[in-house]
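**Student:** Have a look at this one.
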Amino acid sequence: MVEPLKIIIVEDEALLAMELESLVEDAGHQVVGWATSSTEARRLVDTLEADLAFVDVHLTDGPTGIGVAQYISEQKRSMVVFMTANPKRIPDNFAGAVGVIAKPYTVNGVMAALRYLQEGVRRPPPVSIRPAGFSLSPHYKDAWRPG
Amino acid sequence: MDHGTTKEDAEAWHQTDNLHAKSGKGDPFAAAIRATRMSMIVTDPRQPDNPIVFANNAFLRLTGYDRGEVVGRNCRFLQGVDTDPEAVEQIRAAVEAEESISIDILNYRKDGSSFWNALYMSPVKDEKGVLQFFFASQIDVSDRKASQDLAEADKERFERAVAERTSELKAALEAKTTLLHEVDHRVKNNLQMVSSLILMQSRSIADESIKASLKAMLERIEALSTVHRRLYQSDDVSSFDVADFVRDLVTDIVAASGRKDIDADLQLKPVRIPAAKAAPVALIVNELVTNALKHGFKGERPGTIHIHVRDGDGRLRIDVADDGAGMVGEPSAASFGTKLVRSLSRQLQAEIEWQEGSPGTRVVLSMPVETARKGEH
């Protein structure tokens, strides 16, 4: 059995954060923190151990999710996955993130993405097929090329 | 008339002048030049400062000077404050190179008024190629210049107006695009919220039949979500590839069912439909595939579900076939799913038919697709 993931959620919509937490736990992983703004998010990643952060582009303090992703990626302790209804706002280099789950996602889409990401975090590259609702950044497309 | 000219050839012009004046005979070419309405002069480059040695009456009329005031002087007395130094330099260079030149230059009359002079000047050489004179003609083209200036001013005004309008349109388009993205973003977020609400509600419900209804409702909303996720990904927002979202949709439904014993056979040709038709088509496909999974492969019955998308004769055709348990006749008209499929088919002006496969069921949907749409390849 592959070890479950510790996950941080950076999302300003409480409803979506709650629902995502349920999905993450249904899939056998653990949510270790939830932030609604970029300031909170930075504090969380400084104090918590996490494998993965789901980051929305729009937070309570504006379109600051990109900066949060950059910050987390530079710390190199957690991987970042964007979760946004606005994937066009993500820069070409994905601010160091692994990829993006485009909203609105489906339950199965998130479950499949979690399986894929668990493999990618624990034993890269992932062996599962990349789910339809999940796109990889150019860097990870290369690094996780099925081989 | 003594103009201080000493050279023999310069004298020759005066001799013809005199000859003509005296007898009316002489060189017919010289006579023509003297009499023509076109202003003409001859200068002698072999004398210091290349002075005028002959000027016809037309030149005197044009410039307002007497003959005695011009002969013996260099032509530069025609220049004034607004004469373009660049034009003067071009003329000077032509004289130096012994070449002909045709140029518009602003000149001044004796009374100080200015006129546009279409100057033509060329060297006159003897049979050995040695420079003898310069011949120059002048035409007053002030009227042409004025209408040219007007036309240029008109053109500039026009171009400015076009540029202004273009930038207005660009700004309007930008505002429209921004608005579209904003609305799109909200629609997507709200769809996500609706899904989340239904999911959370269903978690708190114990009754299995209510749970199943909520699950069916969630699947329908997720079908809409799948369409919307694809909707503004391409630059063409007005039309939509059925194959793209059917692939996403069916893969997701089959995977979500957790039925590893069911294969999906997707044969999808790209068919573009107007964006407004994408949601009803997605909902129909969702119902048909969900039904096949639920009823065709009830229990542990394994099998394959075939989904074909193609176009022909301006119609989109979607086949959903399974090799499951099959059904007798058309599905019960009472179920909400069936009603939904029938109503949406009517809306799309689609023909839909349930056929008995052997084994299983085949549903065939055929609907018109407008041609000659924007963004069609």
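The values are calculated or read from the model by the stated rules, or taken from the named source; none is laboratory data. Note that the coordinates shown come from a computational prediction; the quantities given were computed from them, not determined experimentally. Quick reminder, even Gly has a Cβ in these numbers, built from the backbone with ideal geometry, and neighbours come from all protein chains shown. The area values use the complete protein model at the heavy-atom level, side chains included, leaving out ligands, DNA and RNA. Shrake-Rupley method; radii C 1.70, N 1.55, O 1.52, S 1.80 Å.
**Student:** Would you check if B:Asp252 is open to solvent by less than 40 Å² (accessible area, probe 1.4 Å), farther than 21 Å from B:Ser345 by Cα, within 14 Å of chain A (Cβ to nearest Cβ) and out of contact with any His (no Cβ under 9 Å at 6 or more places or on another chain)?
**Tutor:** Judged against the criteria, B:Asp252 is a match.
**Student:** Cβ contacts < 7 Å: first residue outside any strand (DSSP E or B), restricted to segment B:111-131; second residue open to solvent by less than 70 Å² (accessible area, probe 1.4 Å), any location; separation 6+ or different chain. Result?
**Tutor:** As it stands, the answer is B:Asp111/B:Gly64; B:Asp126/B:Gln132, since those pairs meet every condition given.
**Student:** Still on this model: Taking segment B:217-230 as the region of interest, how many residues are open to solvent by 40 Å² or more (accessible area, probe 1.4 Å), within 11 Å of another protein chain (Cβ to nearest Cβ) and hydrophobic (A, V, I, L, M, F, W, C)?
**Tutor:** 1
**Student:** What's the total number of residues in segment B:292-315 that are touching a strand residue (DSSP E or B) at 6+ places or on another chain (Cβ under 8 Å), outside any helix (DSSP H, G or I) and farther than 17 Å from B:Ser358 by Cβ?
**Tutor:** Residues that pass the stated criteria total 8.
Condition check ((1) among the charged types (D, E, K, R); (2) within 9 Å of chain A (Cβ to nearest Cβ); (3) in contact with a Pro (Cβ under 7 Å, 6 or more places away or on another chain); (4) open to solvent by less than 20 Å² (accessible area, probe 1.4 Å)) across all residues:
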{"position": "B:Asp184", "(1), (2), (3), (4)": "yes, yes, no, yes"}
{"position": "B:Val187", "(1), (2), (3), (4)": "no, yes, no, no"}
{"position": "B:Val194", "(1), (2), (3), (4)": "no, yes, no, no"}
{"position": "B:Leu197", "(1), (2), (3), (4)": "no, yes, no, no"}
{"position": "B:Arg203", "(1), (2), (3), (4)": "yes, yes, no, no"}
{"position": "B:Glu208", "(1), (2), (3), (4)": "yes, no, no, no"}
{"position": "B:Lys215", "(1), (2), (3), (4)": "yes, no, no, no"}
{"position": "B:Ile284", "(1), (2), (3), (4)": "no, no, no, yes"}
{"position": "B:Val289", "(1), (2), (3), (4)": "no, no, no, yes"}
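**Student:** Among the residues of segment B:226-242, is any without any contact (Cβ under 8 Å) to a residue 12 or more places away in the chain and polar (S, T, N, Q)? Quick ask: steps written out before the conclusion?
**Tutor:** Applying the first criterion (without any contact (Cβ under 8 Å) to a residue 12 or more places away in the chain) to segment B:226-242 yields B:233-235.
Still in the running and polar (S, T, N, Q): B:233-234.
Yes; the residues of segment B:226-242 include at least one that is without any contact (Cβ under 8 Å) to a residue 12 or more places away in the chain and polar (S, T, N, Q).
**Student:** Still on this structure: Looking at segment B:280-287, is at least one residue of a type in the set (S, T, N, Q) and at pLDDT below 90? Spell out how you get there, then give the answer.
**Tutor:** Restricting attention to segment B:280-287, the residues satisfying the condition of being of a type in the set (S, T, N, Q) are B:286.
After this cut, where a residue has to be at pLDDT below 90 as well, the list is none.
Looking through segment B:280-287, none of the residues is of a type in the set (S, T, N, Q) and at pLDDT below 90.
**Student:** Within segment A:107-147, which residues are within 14 Å of chain B (Cβ to nearest Cβ), of a type in the set (Val, Ile, Thr) and either surrounded by 18 or more Cβ atoms within 10 Å (Cβ to Cβ) or part of a helix (DSSP H, G or I) (or both)?
**Tutor:** A:Val107, A:Val110, listed by residue number.
**Student:** Looking for something within 30 Å of B:Ser147 (Cβ to Cβ), open to solvent by 30 Å² or more (accessible area, probe 1.4 Å) and touching a Phe, Trp or Tyr at 6+ places or on another chain (Cβ under 6 Å) - is there at least one such residue anywhere in segment B:109-126?
**Tutor:** yes
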